[in-house]
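Data block below; observations after.
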Amino acid sequence: MLSRTADHLFWMSRYIERAENLARLLDVTWQMSLVPQALEAANQNWNAIIALNSLEETYAKKYSTVTADNVLRFMVSDQDNFASIHSCLRLARENAHAVRGTITSEMWETLNSTWLEAREKSFEQIINGGISEFFDWVKMRSSLSRGVTIGTLLQDKAYHFIRLGTLLERADNTARILDVKYHVLRPHGDEGATDFYQWGALLRSVSAFEVYRKVYRDVITPERVTELLILRNDMPRSLHFCINGVVKNLDLIANSHSDETQRQAGLLHAQLHYARVEDILAQGLHEWLTDFMDRIYLIGDGISKDFLVPMAEAA
Amino acid sequence: MNFYNEMVDANGGVRAHYQGYDEWLKATPPERIARKRAEADLAFHRVGITFAVYGEEAGKERLIPFDIVPRIIPSAEWTTMQDGLRQRVTALNMFLHDVYHDQEILKAGKIPAEQVLNNAQYRAVMQGVDLPGQIYAHIAGVDIVRAGAGESYVLEDNLRVPSGVSYMLEDRKMMMRLFPELFAKHKVAPVQHYPDMLLEKLRAVAPKGVSDPTVVVLTPGAYNSAYFEHTFLAQQMGVELVEGRDLFVKDEVVYMRTTQGPQRVDVIYRRIDDDFLDPLAFRQDSALGVPGILKAYQAGNVTLSNAIGTGVADDKSIYPYVPEMIRFYLGEEPILNNVPTYMCRKPDDLKYVLAHLPELVVKEVHGAGGYGMLVGPASTKEQIEHFRQLLIAKPEGYIAQPTLALSNCPTFVEEGIAPRHLDLRPFVLSSGKCVNMVPGGLTRVALTKGSLVVNSSQGGGTKDTWVLED
């Protein structure tokens, strides 16, 4: 497969996954903001979203204050913000457009109509229609495109690059969501109702609330949430599950100079496989997640160099 | 002017081959047709069957209007047309081989040598290069119109990178989806095997000794006006769609950059003009092409389709000589007519043209897409005077033809069903062993009342073309 084609497929799937996770994160923050809390805590939540995406500068250029409305506008519909849902859906569509002959017509039509619909929605319309409905729509469109991909695409290299993009992006996003929310939640330490709602919302943001109940049949504790989202290998949005898939798909596309990237991914996978939540928490969750995200970044970089950047002419 | 109507004869009777359609149309409520039209628009949008328009905002895409009244051609008429197209394209390919080898036709004085050798589309680098099957134009799009009394004329031969075949296929798909009952009622000759036929032709012209050739489609990229068609054809043939940056040349061999390393490429269906193909040989500022590809081509290590230098045969100044080529190479009389053409480079012709501008159509020799032309009867005094100056300043850059009474066909427009002018572009495929095509082609229709210009860039639309089997 052409390196450029692989590149477009990889990024197409990353942008869809990113839009979905962003919708999840914004939704949980929005839901949390509806629970009575101190203004300071609320602002901290919205601030965290800007920080999470390292967008402080871009944000400050357009908005003077951090409010729910501003942050939502910035992260949902702002065309100048390349990390907004609007931009992610556009970029996913642009990448798909560049390879529309490689993907199935059902995939192309799904992404194209998602973008055409998104383009029609102004921020006011989104707010008036109920912002959670919009986030649900984004999640459903992402699920739909994933479903159409699994249901129609030949399981060849194109498919493996798409899965690789999806899982790598999701691993990064789950780690970020966990990092930012854990950070906000941890200092309180009280075990009142607020905490329950906050942890519950966090679980819901990664579609893990019912899963948690099923697995633990017990009260929600930060330790178990951490274990579920990092170590469970049967939970589709956990880090272990994602890296498992990254390793498998990397094996399927391997070439003569991808050994090092495969080694890095394999190592990370082994660590997740044999890790204990007590050790992670003892090390400090934030430190552990920061290290994890650095390594995800390096694996992404390795994939880029090994497969996607047009290869040197001497070979 | 009297126009030939494809559906209705001079006495208002419906022609035999349109009778089945006419009955269906009369029995179908207008609301149903309106609903189907809206459905078609929506589907074309969702599928993204679009084209980009030069000069408009970058990346902006437009739909080509699709008309749901088919253009119907009876079987006998098509058979004649098909014979004529085979004959014409065979002669054109022989002419191209001759021009780039012994130049017999020039020596015989049938075509003035300077007209060919000084032509901007003549590529000296192709002199003496041998091509598989001696074929230059593997894909030809020949524009045919019906005029006056009903006879057909070839308007032009497109031998460089003719487009539109994807619309031909999508229009058929759409018609079958919207009106399956019409296909149950009529025996419409199928066209959907075009991509198979194309792939077979491309594989047949692979370099010598290559048994399982790697074929690719080369596109200028996503912002090209015909990008949809490029992706469509690559996908339908199951081959890679590449851009110039995906290819490189090493030791006169072309490779594409893949995730597994370089892979050799044998046949390139290129949708990039000669000028942009190789910055080392042609335009240095082109980022679309592949440095060194000409050398690989000359060495016979890769096949380009169409060949470099085919433009010398589809130039409007060469067009008047095509009937002569048919006689010279095949010893046959042309089956398809040429439109009488005045060559402004000839003083007598120029004199006539200047005296009759309001009646004539004037075209730039290298023009395409309906740009840079004057349609005399539809033009203002100022436009005519403007062209008069252009002609006097650069006569060799123009030809002129009588304004043809292009046939028309009922078409859905704002005011309901009304006649609009149309042409037909069959796509003729040649590999050396044989010349063939799918029945029909792309029908283009001028949607503006009275307009004779059918190009999509000028607001033209398309129709499904039916060749009826007996």
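Read-outs: derived from the displayed coordinates by stated rules, not from any lab. Nothing here was measured: the structure is a model prediction, and the numbers come from that model. With ideal geometry, Cβ positions are generated from the backbone for all residues, glycine too; neighbour counts draw on all protein chains shown.
Within straight-line reach of residue B:346, meaning a Cα separation under 28 Å, sit the following lysines at least 8 residues removed in sequence or on another chain: B:107, B:110, B:316, B:363, B:381, B:394. Neighbouring Cβ atoms from other chains, within 10 Å of the Cβ of residues in B:373-379, number 0 on average. Sorted ascending by nearby beta carbons within 10 Å, beginning with the fewest, A:20, A:40 become A:40, A:20.
Mean sequence separation of contacting Cα pairs (under 8 Å, at least six apart), scaled by the length of chain B, corresponds to a relative contact order of 24 percent.
Straight-line reach from residue B:250: taking Cα to Cα under 13 Å and skipping same-chain neighbours fewer than 8 places apart, the aspartates and glutamates in range are A:313.
Considering all projection directions equally, how large on average is the shadow of the alpha-carbon convex hull of region B:79-133, in square nanometres?
Values: hull surface 18.9 nm².
Quarter of the Cα hull surface area: 4.7 nm².
In this simple spin-label model, placing a label point 7 Å from the Cα along the Cα-to-Cβ direction at both residue A:120 and residue A:106 gives a separation of 2.3 nm.
Each Lys or Arg adds one and each Asp or Glu subtracts one; over the other residues with Cβ under 12 Å from the Cβ of residue B:448, this totals +1.
Among B:26, B:110, A:157, sorting on how many other beta-carbon atoms sit within 10 Å of each Cβ, with the fewest leading, yields B:26, B:110, A:157. When A:154, B:374 are sorted by how many other C-beta atoms sit within 10 angstrom of their C-beta, beginning with the fewest, the order is A:154, B:374. Rg then Dmax, both in Å and based on the Cα atoms of chain B: 22.4, 69.
Rounded to the nearest 20 debye, the dipole size of chain B about its Cα centre is 400 debye, using +1 on the Cβ of Lys and Arg and -1 on the Cβ of Asp and Glu. If you plug the beta carbon distance of residue B:415 and residue B:31 into 1/(1 + (r/R0)^6) with R0 = 22 Å, you get a FRET efficiency near 0.85.
Placing unit charges on the Cβ atoms only, positive for Lys and Arg and negative for Asp and Glu, gives region A:156-279 a dipole magnitude near 340 debye about its Cα centre. Restricting the count to DSSP beta bridges whose residues both fall in chain B, what percent are antiparallel, rounded to a multiple of 5? Approximately 75 percent, going by the DSSP bridge assignments.
Fully extending the segment from residue B:392 to residue B:208, taken as 0.36 nm per residue of separation minus the present Cα-Cα distance, adds 61.3 nm.
Can you compute the charge dipole magnitude of the protein assembly as shown about its Cα centre, using +1 on each Lys and Arg Cβ and -1 on each Asp and Glu Cβ, nothing else charged? Give it in debye, rounded to the nearest 20.
Details: 81 positive and 99 negative charges, 135 e Å.
It comes to approximately 640 debye.
In this label model, residue A:214 and residue B:2 are separated by 7.9 nm, measuring between points 7 Å along each Cα→Cβ vector.
Let me know the volume per residue of the alpha-carbon convex hull for chain A, in Å³.
Expressed per residue, the convex hull around the Cα atoms of chain A is 139 Å³.
Mean partner shielding of peptide A:102-115, defined as the number of other chain Cβ atoms within 10 Å of each residue Cβ, is 2.
How big is the Kirkwood radius of region A:136-267, worked out from every pair of different alpha carbons and given in Å to one decimal? It would help to have the intermediate numbers written out before the result.
Values: mean 1/r = 0.0608 Å⁻¹.
So the Kirkwood estimate lands at 16.4 Å.
Which one of B:226, B:180, B:167 is farthest out on the positive end of the charge dipole of region B:143-227, using unit charges on Cβ (Lys, Arg +1; Asp, Glu -1) and the Cα centre as origin? Ranked along the dipole, the leading option is B:180.
Phi angles across region B:12-19 convert, under the Karplus curve 6.51 cos²θ - 1.76 cosθ + 1.60 with θ = phi - 60°, into 3J(HN,Hα) values of x, x, 7, 4, 3, 6, 9, 5 Hz, Gly and Pro given as x.
Need one value for B:40-47: mean number of C-beta atoms belonging to other chains within 10 Å of its residues' C-beta atoms.
On the way: counts 0, 0, 1, 1, 0, 3, 6, 6.
Per residue, the number of nearby Cβ atoms from other chains is 2 on average.
Note down the relative contact order for chain A as a percent, whole number, built from C-alpha pairs under 8 angstrom at least six residues apart. Relative contact order, chain A: 24 percent.
The 3J(HN,Hα) values that the Karplus relation (6.51, -1.76, 1.60; θ = phi - 60°) gives for region B:297-304 are, in residue order, 5, 4, 6, x, 8, 8, 9, 9 Hz. Gly and Pro appear as x.
Bridges between two residues of the protein assembly as shown, per DSSP, are antiparallel at a rate of about 75%. Once Lys and Arg get +1 and Asp and Glu get -1 on their Cβ, which of B:103, B:76, B:120 lies farthest toward the positive end of the dipole of region B:58-123? The listed residue farthest towards the positive side: B:120. With a Förster radius of 60 Å, plug the Cβ-Cβ distance of residue B:38 and residue A:276 into 1/(1 + (r/R0)^6) and report the FRET value to the nearest 0.05. For residue B:38 and residue A:276, the calculated efficiency is 0.45.
Highest mean first, how do A:265-273, B:123-131 rank when packing is the count of other Cβ atoms within 10 Å averaged over residues? Write out the running numbers ahead of the final one.
Numbers: A:265-273: 17.6, B:123-131: 15.7.
Result, highest mean first: A:265-273, B:123-131.
Please tell me which of these pairs span more than 27 angstrom C-alpha to C-alpha: B:173/B:201; B:187/B:449; A:157/A:305?
Details: B:173/B:201 23 Å; B:187/B:449 31 Å; A:157/A:305 17 Å.
Beyond 27 Å: B:187/B:449.
Simple spin-label estimate for residue B:381 and residue A:67 gives 6.5 nm between the two label positions (7 Å along the Cα-to-Cβ direction from each Cα).
Could you compute how fast the protein assembly as shown diffuses translationally, taking Rh as the Kirkwood radius over C-alpha pairs and applying Stokes-Einstein at 10 °C with viscosity 1.306 mPa s? Give it in µm² per second. Walk me through the intermediate numbers first.
Details: Rh = 29.9 Å.
Using the Kirkwood radius from Cα pairs, D works out to 53 µm²/s.
When each of the peptides B:192-204, A:274-286, A:48-60 is scored by the mean number of other C-beta atoms lying within 10 Å of its residues, the order from highest to lowest reads B:192-204, A:48-60, A:274-286.
Along the Cα-to-Cβ line of residue B:371, 7 Å from the Cα, sits a label point; which residues in region B:229-247 have backbone N less than 16 Å from it? The answer is none. Positive end of the charge dipole of region B:316-470 (Lys, Arg +1 and Asp, Glu -1 on Cβ, about the Cα centre): tell me which of B:438, B:426, B:393 has its Cα farthest that way. Value: B:393.
Near residue A:139, which lysines are there with a Cα under 23 Å away, not counting those fewer than 8 places off in the same chain? Residue A:139 reaches A:121, A:181, A:214. Calculation over all alpha carbon pairs of region B:251-298 in 10 angstrom steps from 0 returns a P(r) of 26, 53, 20, 1 percent.
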